[in-house]
Amino acid sequence: CQCTVGQTGEDIVIGLIRQTACIFLALLDLLHQTFVLRGQFATLLAHGDRVALAMENCGEFLDMLVACWTAGLCAVPINAKLHAREVEHIVRDSGARLLITTPGLVDALAPLEAAVEELQAVLCTQTKDFERLATGDPIAPHPANPADLAWIFYTSGTTGRPKGAMLSHRNLLFMSHA
């Protein structure tokens, strides 16, 4: 909250209420968007399928992450600075069925749809295909088993190709409490 000289206590409280209402409405919008995405994922993918997220920093990343987790899917975040060959290795190794990317990366990553047999599609944000994914009927969350795979982090080091570290919903819960 930013207070200025001459503001009354009432003005400050009204400002805080407005800010809180804006945040609440943004969260409701995110929740609705997540329910719609989850519904579309349910038509494309099966419980436990992996979704690769090779995205630049954007709001859609959070939408995709939450939609994956609540649809019973496993998110595979990929560093946007990796070379397309490294992304291809991660997509193959993880068994990703869907790759979601952003406009700055799509030209380099679109060929993976033909190159990786398991990959059903490469979708780019800010396209008609992605907009279609974000429309439809919302559905309720898929019940998550704490042992279900939620996230595969790929680490790269000096020992060779990136390796996936698999985290369950339980792992993520305990990490958030650490």
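The values are calculated or read from the model by the stated rules, or taken from the named source; none is laboratory data. In this text the structure is predicted, and so the values were computed from the model without any measurement. Cβ: placed from backbone, ideal geometry, glycine included. Neighbour counts: every protein chain shown. Ligands, DNA and RNA are stripped out before the accessible areas are found, and what is left, the full protein with its side chains, is counted by its heavy atoms. Shrake-Rupley method; radii C 1.70, N 1.55, O 1.52, S 1.80 Å.
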Quiz prompt | Within region 113-128: backbone nitrogen closer than 19 Å to the ARG92 label point (7 Å, Cα to C-beta) | solution = 113-122
Practice problem: From the C-alpha gyration tensor of region 60-162, pull out the three semi-axes of the equivalent ellipsoid (sqrt of 5λ each), sorted largest to smallest, in whole Å. | Solution: 23, 19, 12
Quiz item: Residues of region 91-145: accessible area per residue at 1.4 Å, in Å²?
Solution: 55 Å²
Exercise. Report the accessible area of PHE174, computed with a 1.4 Å probe over the heavy atoms of all protein chains in place, in Å² rounded to the nearest 10.
Key: 130 Å²
Quiz item: Can you pull the accessible area of ILE78 for me, 1.4 Å probe, Å² to the nearest 10?
Solution: 10 Å²
Quiz item: Using a Förster distance of 25 Å, how high is the FRET efficiency between ALA110 and ASN57, based on the Cβ-Cβ distance and rounded to 0.05?
Solution: 0.80
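Using the alpha carbons of region 51-111, what is the convex hull volume per residue in cubic angstrom, as a whole number?
70 Å³
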Exercise. For ASP49, ASP11, write out the residues from largest to smallest accessible area, computed with a 1.4 angstrom probe and no ligands counted.
Key: ASP11, ASP49
